[in-house]
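K.L.:
Pasting a structure below so you can have a look.
The values are calculated or read from the model by the stated rules, or taken from the named source; none is laboratory data. Only a predicted model underlies this, so the values are computations on that prediction, with no experimental measurement involved. Cβ placement follows ideal geometry from the backbone for every residue including glycine, while neighbour counts extend to all protein chains displayed. Each accessible area value is taken on the protein alone, full model and side chains, heavy atoms only, with ligands, DNA and RNA left out. Shrake-Rupley method; radii C 1.70, N 1.55, O 1.52, S 1.80 Å.
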Amino acid sequence: MPLLEMKNITHRFEGLCAVANFNFQLTQGELVGIIGPNGAGKTTVFNLITGVYRATEGSIFFNGDELVGKTPHQITKMGVARTFQNIRLFKELTVLDNVRTAYFGEATYSPLEALLHMGRYRREETKITERALELLSVFQLDNAASELAKNLPYGLQRKLEIARALATNPQLLLLDEPAAGMNPNEIKQLMDFIGWIRKTFRLTIILIEHQMRLVMGICERLVVLDFGATIAQGLPAEIKSNPKVLEAYLGEEAAK
Amino acid sequence: MADFYKNILERWQNISTHRFFWPVFFAAGLAFSIVASAFDILDLYLQLILIYVGINIILTVSLNLVNGYMGEFSIGHAGFMAIGAYTASLLTVNVFPAGALNYLFPLAIIAGGVAASVIGLIVAIPSFKTRGDYLAIVTLAFGMIVKSGLENIEVIGGPRGFLGMSKLTTLPWVFFWTVLSVWIIRNLVYSKFGRGVLSIREDEIASDLMSVNTRQVKIIAFVVSSFFAGVAGGLFAHALQFINPRMFDIIKSTDILIMVYLGGIASIAGSIIGAVIYTILLEILRPLGIWRMVLMPLMLVLLMIYRPRGIMGMREARFFVPLRDLLAAKLWKQKNKEAPDASA
Ligand SMILES: Nc1ncnc2c1ncn2[C@@H]1O[C@H](COP(=O)(O)OP(=O)(O)OP(=O)(O)O)[C@@H](O)[C@H]1O
Ligand SMILES: [Mg+2]
């Protein structure tokens, strides 16, 4: 059984067809890239998987369970986590609290126990705090634990966003243009980093990258979107020389 | 000289974060308020002002949970206060036996809180069904409905109001309820639900995607907030011994909003500061009469423009922060220093 299966997914925004009859399968452990020019529908695919939007048509299965119609927090609890194209940290919260927030789904204590700071609250909060700090230390962010997220430098904010996503204990991690705004050197580091978290946390990863060259190195398989439709998929080497893909990208270059 | 103050500050921080600070503070405060009201150490006028300060702290902290911590905009807090006030008053005047009132008073207050929170739940469910700014509109309408509803129920006095309450709201009771409200709301803030509330203000969609059940969290925050508005209403009714629907109109709601934004959003210490300053200011400005109605909303507008976060906005006094949260990073560092590994 594939880990994720998207069947005939179509999504329209008031007439605009952002994703058109999208079919996609993902096996446990894969690292797949989704590429495509601006406005191709890549982010929309992530929003459909994570329940931010409800697909107009089609089904999405994760470990065999239907995701369409579920709320984002339900889907997150099932094991899908993500980062955002434009960093969306909780800016005014500390680095530690950014991560601790993501343990919401896992903590089982009741509102009453929270109001009285009793019972499971004590045990679980101690554990959550420890685990959050442990996770931060893996990302070498533990020294910044009490800083506000907005005060971190850009690169660390990207890292924190990944750490926060991992706190939800996902099987599938969706990274939306994690290299945006980075220089070639930083991008190289990021790619190593992604390979490393993939191994360490045993993740399946879908990576959106706007720039084709970047994903070539680390993705095992690529899906190319243009105007919401899949125009090609396959090994990076095949994609590189696919005339349709070149055309889509050339078209974009020409439009600039 | 600077050293001297620094020393005192440090001492205070050590004391205020001590494990026994809260229990000792609570016992001492309660003892003082009992003695003060029993032996007339404070004159009655001063006692009444302190009672209002306490009630206003409860109102401010509870509204801050929704408007400050959660970043929603509720304008109907006085409506929930009214429900608590009328419920508690009806119980003490018409239901409870006169002989046992002193013992049953807490029950009346709790009943007022429960009534307000049930109505809060009814308001919250449709308001939080979708994202957006429905809450402001719904609570505005709610406040008006409560007021005109009360004006049209003759058995509780209609527009003339309701009286006959004994003066059951004493300084010790107010102290007790104020500390309890502050403690419970602070507990909520420093829990997974509190982090949920804060993350909703920061970015609701991101919050939901980080496993926060945003709808549940919003409803819990709103219901808890309404509960304490109801508690404050019950205390208010039995301090004044007379209530009418006009006391709980939009002006009262605006008063509470001002206290929240004056003291500072998302801050317990700020709520207390805001309530204390505003209550005292109101007393001083009482001779101005109707001009107050102009001055106070003006103050709210100016505050929101020039100091949108208030005096303590987004900051917290250390002694409101649970030790677990205060020391988390520090303890972690210590632990890591003890066991330096290869990665260091
Ligand atoms: N909420 C929305 N309402 C209306 N249209 C939208 C919405 N979100 C996206 N779109 C449109 O859907 C199309 C696909 O957008 P999407 O953000 O998925 O593209 P993308 O491939 O992620 O592009 P980029 O590389 O710029 O991030 C675009 O034409 C966009 O304008
Ligand atoms: Mg995008």
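K.L.:
Output the number of residues of the range B:262-278 satisfying the condition of being part of a helix (DSSP H, G or I), in contact (Cβ under 8 Å) with a residue 60 or more places away in the chain and open to solvent by 10 Å² or more (accessible area, probe 1.4 Å).
P.N.:
Taking the range B:262-278 first, the residues part of a helix (DSSP H, G or I) are B:262-263, B:268-278.
Those left that are additionally in contact (Cβ under 8 Å) with a residue 60 or more places away in the chain: B:263, B:268, B:270-272, B:274-276, B:278.
Keeping just the survivors that are open to solvent by 10 Å² or more (accessible area, probe 1.4 Å) gives B:272, B:276.
Within the range B:262-278, residues that are part of a helix (DSSP H, G or I), in contact (Cβ under 8 Å) with a residue 60 or more places away in the chain and open to solvent by 10 Å² or more (accessible area, probe 1.4 Å) number 2.
K.L.:
When the residues of the range A:106-134 are filtered to those that are closer than 21 Å to residue B:327 by Cβ and among the β-branched types (Val, Ile, Thr), which remaining residue is nearest to the other protein chains (Cβ to nearest Cβ)?
P.N.:
So the residue we want is A:129.
K.L.:
Sticking with this one: Would you confirm, using the coordinates I've provided, whether residue A:71 is among the hydroxyl-bearing types (Ser, Thr, Tyr) and either within 15 Å of ligand 2 (Cβ to nearest atom) or touching a residue at least 24 places away in the same chain (Cβ under 8 Å) (or both)? Don't jump to the end; show me each part of the working.
P.N.:
On the way: among the hydroxyl-bearing types (Ser, Thr, Tyr): yes; either within 15 Å of ligand 2 (Cβ to nearest atom) or touching a residue at least 24 places away in the same chain (Cβ under 8 Å) (or both): no.
Here the answer is no, as residue A:71 does not meet what is asked.
K.L.:
Further, regarding this structure: Quick one: what pairs do we get from the range A:26-55, first residue under 24 Å from residue A:220 (Cβ atoms) and within 14 Å of chain B (Cβ to nearest Cβ), second within 9 Å of ligand 1 (Cβ to nearest atom) and charged (D, E, K, R), C-beta under 7 Å, 6+ apart or different chains?
P.N.:
A:43/A:176; A:46/A:176
K.L.:
Being within 17 Å of the chain's Cα centre (by Cα) and over 17 Å from residue B:75 (Cβ atoms) narrows it down to one of B:272, B:290, B:265, so name that one. Please lay out each step first, then the result.
P.N.:
On the way: B:290 fails: within 17 Å of the chain's Cα centre (by Cα); B:265 fails: over 17 Å from residue B:75 (Cβ atoms).
Exactly one of B:272, B:290, B:265 is within 17 Å of the chain's Cα centre (by Cα) and over 17 Å from residue B:75 (Cβ atoms), namely B:272.
K.L.:
In addition: Go through the range B:191-205 and count every residue that is within 7 Å of chain A (Cβ to nearest Cβ), open to solvent by less than 10 Å² (accessible area, probe 1.4 Å) and farther than 12 Å from residue A:99 by Cα.
P.N.:
Matching residues across the range B:191-205 total 2.
K.L.:
Which members of the range A:1-17 meet the condition of being surrounded by fewer than 23 Cβ atoms within 10 Å (Cβ to Cβ), touching a helix residue (DSSP H, G or I) at 6+ places or on another chain (Cβ under 9 Å) and touching a residue at least 12 places away in the same chain (Cβ under 8 Å)? Break it down into steps so the answer makes sense when it comes.
P.N.:
Filtering the range A:1-17 down to residues surrounded by fewer than 23 Cβ atoms within 10 Å (Cβ to Cβ) leaves A:1-3, A:5, A:7-8, A:10-17.
This time we only want the ones that are touching a helix residue (DSSP H, G or I) at 6+ places or on another chain (Cβ under 9 Å), so: A:11, A:13.
The one that is surrounded by fewer than 23 Cβ atoms within 10 Å (Cβ to Cβ), touching a helix residue (DSSP H, G or I) at 6+ places or on another chain (Cβ under 9 Å) and touching a residue at least 12 places away in the same chain (Cβ under 8 Å): A:11.
K.L.:
Another question about this same structure. Looking for something facing chain B (nearest Cβ under 10 Å), assigned to a helix (DSSP H, G or I) and out of contact with any Phe, Trp or Tyr (no Cβ under 9 Å at 6 or more places or on another chain) - is there at least one such residue anywhere in the range A:135-143? Please lay out each step first, then the result.
P.N.:
Initially, the range A:135-143 is screened for residues facing chain B (nearest Cβ under 10 Å), giving A:136-138, A:140, A:142-143.
Pick out the ones that are also assigned to a helix (DSSP H, G or I) and you get A:136-138, A:142-143.
Those still in the list that are out of contact with any Phe, Trp or Tyr (no Cβ under 9 Å at 6 or more places or on another chain) too: A:138, A:143.
Taking every residue of the range A:135-143 in turn, at least one turns out to be facing chain B (nearest Cβ under 10 Å), assigned to a helix (DSSP H, G or I) and out of contact with any Phe, Trp or Tyr (no Cβ under 9 Å at 6 or more places or on another chain).
Conditions tested, residue by residue: (1) aromatic (Phe, Trp, Tyr); (2) surrounded by fewer than 18 Cβ atoms within 10 Å (Cβ to Cβ).
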residue	(1), (2)
A:81	no, no
A:91	no, yes
A:109	yes, no
A:127	no, yes
A:144	no, no
A:149	no, no
A:153	no, yes
A:163	no, no
A:167	no, no
